[in-house]
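Heads up: the structure comes next, in structure tokens.
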Amino acid sequence: MLQIRDVFARLVAVGLVLLVITPPQVLARASNAQPAFQQEELDAILAPIALYPDALLAQIFMAATYPLEVVQAERWVKQNPQLEGDALTAALEQQPWDPSVKSLVNFPQVLSMMSEQLDWMTKLGHAFVAQQKDVMETVQTLRAKAHAAGNLKTTAEQQVIVEKHVIRIESPRPQVVYVPVYNPSIVYGTWWYPAYPPYVYYPSGYVVGTTFFSFGVGVFVGAAWGYAWGRCDWQRHHIHIDIHRNISVNRHINRRHYRTDWQHRGYISRSGSGTWRHNTVHRKGVAYRDRATPQRFNRVTPTDITRVRESFRNRIAVGQPDLSHKRIVPYNSRQRDNRIRTYERRNSTATGRSEHTMQRQHSYMHTNRGETRSRVGARSYNRYAPGVEHGNRTRPHSYRSRSSPSITGGSSRSRFDSSVNGSIRRR
């Protein structure tokens, strides 16, 4: 009994030590982070689309992470039903949406399902961003259940390829894609999570009858399908991107623009292929389920640092001189302010300054005997520094004036001394 108490006490002590040494940031992050989707939730979310063709399913996965752009694309399709061919290509090139969203323009039924079931689409996007591996494994589990129930098989509209651990669904003709319509509560057999029923969606005009698995009208993929660059890689649990895929469907796409941008971001290689990665720019401010997801995709890559550094080096400011060739010494306004303060301190009253000026000009007029010399004397006064106050008398500044000498043979400074002392020389 004592041994059990000792063991329990030790465990409590270890727990307290771990609680003390754990950084507060980790505890705060753990408390703020919401739990991931449980398996029963993933089954309910993925049941309506798990039996879609792989090519279409990959586009839905990626586009669901950008819900605002999906809603915009759905409204844009309804407002422009007449666009097709080259006109549709030109119009789509002007839209700032992600290529996966543009690829769904050929499927108004799918866009309407995602836009109308906004809560379902938001959960699907959150699940695919945060739990991509779990999402793709859940799709394979649902397909295996439908195949075991006899409801998933090869028909004229689809080709079901059963491998060892993977079931792929492809279209017999790449230019035509059929979207299945089925009841998720029946097609997989008896639903195994009564507390989490699957989402159900039927397109407008669809009549629910005895057939719980059918196909709509085949969609002839057109200009928008040229943006379908994703493919489900079930073995590695990710979406493989190849910009040169479906190049024969639409040759008017500016693929160089997308390739350059994605290469700078590190999404693809120089050959144009790589692994899909969520782009927060196309999220358009829509909140995430947890805080860890945006931090994981908002990392600054070495490519971003290089681009910022190059843009800073190549930036040319309009109106600024080239400091590498010509040195510009800025004007120091503090020196000018100091001169003004010194002048005002040395010459406290304006009356004394004006009398001082009148005496100086009068002295020059008598000494130089001419109007021209008087003007020179007046200009030479401006070159003198003001006197410094010492008690009741004023003594001139120590440095010499740069004006020319007077007629009497003395310098300007001697004349200034005599004028200050009150004597005026006259010839």
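Brief remarks on what is shown
- Counted residues, segment 225-260 - those being assigned to a loop (DSSP other than H, G, I, E, B), surrounded by fewer than 18 Cβ atoms within 10 Å (Cβ to Cβ) and within 24 Å of the chain's Cα centre (by Cα): 1
- Total residues in segment 63-90 satisfying the condition of being over 25 Å from ALA44 (Cβ atoms) and either touching a Gly at 6+ places or on another chain (Cβ under 9 Å) or surrounded by 15 or more Cβ atoms within 10 Å (Cβ to Cβ) (or both): the figure is 9.
- Filtering segment 137-163 to residues that are over 21 Å from GLY189 (Cβ atoms) and within 37 Å of the chain's Cα centre (by Cα) leaves nothing.
- When segment 164-197 is limited to residues that are more than 42 Å from the chain's Cα centre (by Cα) and in a loop (DSSP other than H, G, I, E, B), the one that is surrounded by the fewest Cβ atoms within 10 Å (Cβ to Cβ) turns out to be LYS164.
- Some residue of segment 134-152 being in the same structural domain as SER204 (by TED's automatic domain parsing) and more than 28 Å from SER214 (Cα to Cα): no
- Qualifying residue in segment 129-150 (condition: within 22 Å of VAL200 (Cβ to Cβ), of a type in the set (Gly, Ala, Ser) and touching a Leu at 6+ places or on another chain (Cβ under 7 Å)): yes
- Applying the criterion of at least 1 residues that are among the polar types (S, T, N, Q) and under 22 Å from VAL249 (Cα atoms) to the helices (runs of 4 or more DSSP H) found wholly in segment 46-160 leaves 54-64, 86-93, 99-103, 108-116.
- Residue in segment 201-219 that is under 30 Å from HIS252 (Cα atoms) and not aliphatic (A, V, I, L, M) present: yes
- Checked across segment 171-182, the condition of being at pLDDT below 90 and farther than 29 Å from PRO81 by Cα holds for no residue.
The values are calculated or read from the model by the stated rules, or taken from the named source; none is laboratory data. From a predicted model like this one, the values you see are computed outputs, not experimental measurements. With ideal geometry, Cβ positions are generated from the backbone for all residues, glycine too; neighbour counts draw on all protein chains shown.
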